[in-house]
Amino acid sequence: MSAQHANTDPLAELENYLRFLKDSGYTEIPLEEDLSSLSRSGPGSPAPSNLAVSSHPVEDTMIKDRRDADPAGQLQIVREEMGDCTRCKLCKGRTHIVFGSGNPKARLMFVGEGPGADEDEQGLPFVGRAGKKLTEIIEKGMGLNREKDVYICNIVKCRPPGNRDPEAKEIEACKPFLLKQIEAVRPKVIVALGRPAASVLLDRKVAITKERGTWHEFHGSKLILTLHPAYLLRAYTLENRQAVFDDMKQALMELNQ
Ligand code: URA
């Protein structure tokens, strides 16, 4: 649910908020001060239904030169350059190239690993089980709208068979397109989902469980590493849910600075 479309029933808001805290691993309600730094609303405002911090649609807060730029047009050019790609062997088994989805002018970008079966079938990133978890993190957790407030893509655009990790050559063939997507969108914050995305963006092996929550500079964007939603589904522990919750809280704070 986007901040501007927040439920106006305070009881329903409170219920949503409590449910979200529970789902995120909280066993106690965080103190007001813990959350007030995240919120622009003044004292006496209803409890937040999520981590949303901005009362403005994300696009409203974009600086002018970003408004004048044409990220959608640039993405279109990148997509055309990719064409009916045969640069690596992943092309042989794919149904669709999964280029990316969301708002080209988004200030927040998520980068995943590669399409799975559902994504390959539909041509869209994160539409399967892990995708539903990601949508929940974005919408219920962060109070953003997946289509309006974020842009989502992967390090490789074609499905690795059996959902294996993408190989070095496949990543090498696809990485220039990922970099051009980032250059087109120029997000303020990038979230790398899981070890492969983090390792590709940082150009080194990342130990994701140790390094999640850390910030990095990336071509003018701020990059934060977090756990992949598929990993979260496999290891649905309090600790992991809390970790992702904390990382997304940090991402929102950075977005709203
Ligand atoms: N996992 C990913 O990393 N990307 C997708 O698009 C779907 C699942």
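The values are calculated or read from the model by the stated rules, or taken from the named source; none is laboratory data. This is a predicted model, so every value here is computed, not measured. Every residue, glycine as well, gets a Cβ built from its backbone with ideal geometry; the counts of neighbours run over all protein chains shown. Side chains included, ligands, DNA and RNA excluded: accessible areas come from the protein's heavy atoms. Shrake-Rupley method; radii C 1.70, N 1.55, O 1.52, S 1.80 Å.
If L223, L238, L179 are ordered by their accessible area, calculated over protein heavy atoms with a 1.4 Å probe, which sequence runs from highest to lowest?
Numbers: L223 0, L238 90, L179 60 Å².
The ordering from most to least exposed comes out as L238, L179, L223.
Could you let me know the centre-to-centre spacing of the range 135-157 and the range 209-257, using Cα atoms, in angstrom? For the range 135-157 versus the range 209-257, the Cα centre distance is 13 Å.
Which net charge results for the neighbourhood of A173, defined as the other residues with beta-carbon distances under 12 angstrom from its beta-carbon, given Lys and Arg at +1 and Asp and Glu at -1?
Details: positive: R87, K89, K157, K169, K175; negative: E167, E170, E172.
With Lys, Arg at +1 and Asp, Glu at -1, the net is +2.
The accessible area of D246, taken with all protein chains in place and a 1.4 Å probe, comes to roughly 50 Å².
Over 18 Å apart at the Cα level, from the set K132/K188; K132/K180; K148/K222; K157/K249; K89/K175, are K132/K188; K132/K180; K148/K222; K157/K249. Using θ = phi - 60° in the Karplus curve 6.51 cos²θ - 1.76 cosθ + 1.60, the 3J(HN,Hα) couplings for the range 229-244 round to x, 5, 5, 4, 5, 6, 10, 7, 9, 4, 4, 5, 5, 4, 4, 5 Hz; x is entered for Gly and Pro.
Its Kirkwood hydrodynamic radius, worked out from the mean inverse distance over all distinct Cα pairs, puts the range 135-257 at 15.1 Å.
Are there any trypsin sites (Lys or Arg not before Pro) in the range 105-164 that are in a DSSP loop and have at most 13 other Cβ atoms within 10 Å? List them by number. Don't skip to the answer; put the middle values down first.
On the way: sites: K105, R107, R129, K132, K133, K140, R146, K148, K157, R164; in loops: K105, R107, K157, R164.
Within the range 105-164, the qualifying trypsin sites (Lys or Arg not before Pro) (loop, at most 13 other Cβ atoms within 10 Å) are R164.
Excluding G114 itself, what net charge comes from residues whose Cβ is under 11 Å from its Cβ, given Lys and Arg +1 and Asp and Glu -1? Here the count lands on -2. Set the Cα radius of gyration of the range 75-209 against 2.2 N^0.38 Å, with N its number of residues, and you get 0.97.
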